[in-house]
Amino acid sequence: MDLDMKDVVALCKRRGFIFPASDIYGGINGFWDYGPLGVELKNNLRDLWWKAMVVTPPIGPDGTPVQIVGLDSSIIQNPKAWVASGHVGGFSDPMVDCRETKKRYRADHLIQRIADKVKVLADIGSEEIKIKGKVAKAFAFPIDATNEEMDRRLKKLGVKKGWISHDGTMPELAFADFSKQDLETLVGPDASEPGTLTEPKEFNLMFESHAGPVQSDDNKVYLRPETAQGIFLNFKNVLDSSRVRMPFGIAQIGKAFRNEVNPRNFIFRSREFEQMEMEWFCHPDEVEKWRDFWFEERTKFWRAVGLASDNLQMRKHGDDELSHYAKEGLGTSDIEYKFPFTAPDFGELEGIAHRCDFDLTAHQEHSGQKLEYMDPVTQEKYMPHVIEPAAGLTRGALALICEAYTVDESRPSGVYLNFHPALAPKKAAILPLSAKEEHVGPATKLYLALREEFAVDLDIKQNIGKRYARQDEIGTPYCFTIDNDTIEDGTVTVRDRNTMAQERISMDKVAEYLREKMKPAGANQEKEAA
Ligand code: GAP
């Protein structure tokens, strides 16, 4: 069944997963707050990634565990670091301004990927292009146009809805590689005359601030656009202070900031988000082996936390998509997820890039500090190459929510979230059948015992149907009900969220029961078939 993102967003707000940031002031584009349940879900995903990477990293191709250490570096670094990394010079989107309407449009390279090498020189509404075998027309939209506005505009132009996807994975300005002459004949989307568009200008995606009270160019600083650079900056510190030897990894989870031109699709592309990145340093001769190894490990991870194989795919970047750091390397392969707004296509969840020795070499040149590695056995001196699995934590949480969202009209809530128990914000709810002391007493006792080990809810109020419905909507996998039989024989009812089947188990077996159910999502294990 096709999932409507509006329903997902509504449930996230209604049940306290995700709210628009500054909601009471009407929100702020590209920023989101994680509510009581959202932060638990996100932390569960974060903790499983940390466990899989740092606490119990996988067994490597040679049969021994790989070495990975953790790091938590500062969001603001010396601005020279961002010059060296290429972000000050190159981390930008080409933008076009309209002199008449003062609106700004994105000249997005995405069209090249989607239209597959078709060169589109759009004369708005008149140029025919081929998108996935279908003939379509190229249209331009203001970067901040809502879906409704775009629908209205397409309708006005007599275009059947759905010809051009406008979900953020498609360009808002459907042309690429244009010349000055093309721009002169091009009519801006809201302009009355042709020739009002400026030539594309680079728009840097880094947020700027100033360190200290005086605001001048001398104390300009940047909020990090990726967690990766903090790792490269600490490569030498980690090597000198810990016992790691090549090959090894440094992992970091944290906030990243990008002044995205067009934040879209709920938390998929936002201006403040979280990343889970690991830089794997190895000998240049071994990059292919490690690239394949990490690709497989990372795919297993996403399956283990509950994403269905059918909704995951691997995509190798085309030559036109190479990042500034991957020019001569093996390039990047993405693990993609079929989000409701990309379906039937897929959207990036994690990139596994070969960054060559780009970053360490650049930081060595700019800082004047030697960053080469000397092999203590062979005495060989070399600049390590890097394989980087870089995932979005917040984007991963969105994939988990979309995957879990299950419509079931037969139950009072009409929907339940099918989270893997290890990811669910609440592992169980303890529900006394009535508010009478003979039910509430044992329920409270069970709750107090379980809360030492698990995130559990004690819910006493309302009729039992309403309480089940609430737990279904927040994705609690098990409800334990205390009733008259509990008083008689010490058993409780377990209700399974997905099947709604009930069975009775002994009250003193509940903790063991839950412990068993949490197990399969060990980060390197496959998801138990739901
Ligand atoms: N260090 C490499 C790097 O940052 P990236 O592909 O730009 O690579 C890695 O980012 C991951 O971070 C992406 O796969 C995505 O999951 C997440 N991500 C990137 N930009 C994002 C945004 N604006 N909003 C939410 N997540 C984002």
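The values are calculated or read from the model by the stated rules, or taken from the named source; none is laboratory data. These figures come from a predicted structure and were not determined experimentally. Reconstructed Cβ throughout: ideal geometry from the backbone, glycine too, with neighbour counts over all protein chains shown. Areas reflect the complete protein model, heavy atoms only, side chains present, ligands, DNA and RNA absent. Shrake-Rupley method; radii C 1.70, N 1.55, O 1.52, S 1.80 Å.
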* Asked: How many of the residues making up region 359-386 are part of a strand (DSSP E or B) and among the basic types (Lys, Arg)?
  -> 1
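Residue-by-condition table, conditions (1) more than 11 Å from the ligand (Cβ to nearest atom); (2) of a type outside the set (Ser, Thr, Tyr):
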position: ALA251; (1), (2): yes, yes
position: GLU260; (1), (2): no, yes
position: SER270; (1), (2): no, no
position: PHE301; (1), (2): yes, yes
* Kindly indicate whether any position in region 296-317 is among the hydrophobic types (A, V, I, L, M, F, W, C), under 27 Å from ALA84 (Cα atoms) and in the same structural domain as GLY70 (by TED's automatic domain parsing). => no
* For region 395-428, how many residues are within 16 Å of the ligand (Cβ to nearest atom) and open to solvent by 40 Å² or more (accessible area, probe 1.4 Å)? -> 2
* **Residues located in region 72-85, provided they are outside any strand (DSSP E or B) and aliphatic (A, V, I, L, M)** => ILE75, ALA81, VAL83, ALA84
* Scan GLY368, GLY392 and give me the residue that is assigned by TED's automatic domain parsing to the domain that holds ASN265, more than 30 Å from LYS517 (Cβ to Cβ), modelled with pLDDT of 95 or more and open to solvent by 10 Å² or more (accessible area, probe 1.4 Å). => GLY368
* Taking the options ALA511, ALA530, ALA523, name whichever one is at pLDDT below 95 and either assigned to a strand (DSSP E or B) or open to solvent by 20 Å² or more (accessible area, probe 1.4 Å) (or both). => ALA530
* Would region 453-462 turn up any residue that is open to solvent by 90 Å² or more (accessible area, probe 1.4 Å) and modelled with pLDDT under 95? -> yes
* To do: Please go through region 216-249 and pick out each residue that is within 10 Å of the ligand (Cβ to nearest atom) and not in a helix (DSSP H, G or I).
  => ARG224, PRO225, GLU226, THR227
* Those residues that are more than 19 Å from GLY63 (Cα to Cα), more than 9 Å from the ligand (Cβ to nearest atom) and open to solvent by less than 10 Å² (accessible area, probe 1.4 Å), I need them from region 272-299; list them, please. => MET278
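Checking the condition at pLDDT below 95 and over 18 Å from the mean Cα position of the chain (by Cα), which residue from ASP285, ASP345, ASP320 passes?
Step by step, each of ASP285, ASP345, ASP320 is checked, and only ASP320 is at pLDDT below 95 and over 18 Å from the mean Cα position of the chain (by Cα).
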* Answer with yes or no whether ILE76 is open to solvent by 30 Å² or more (accessible area, probe 1.4 Å) and more than 26 Å from ASP359 (Cα to Cα). => no
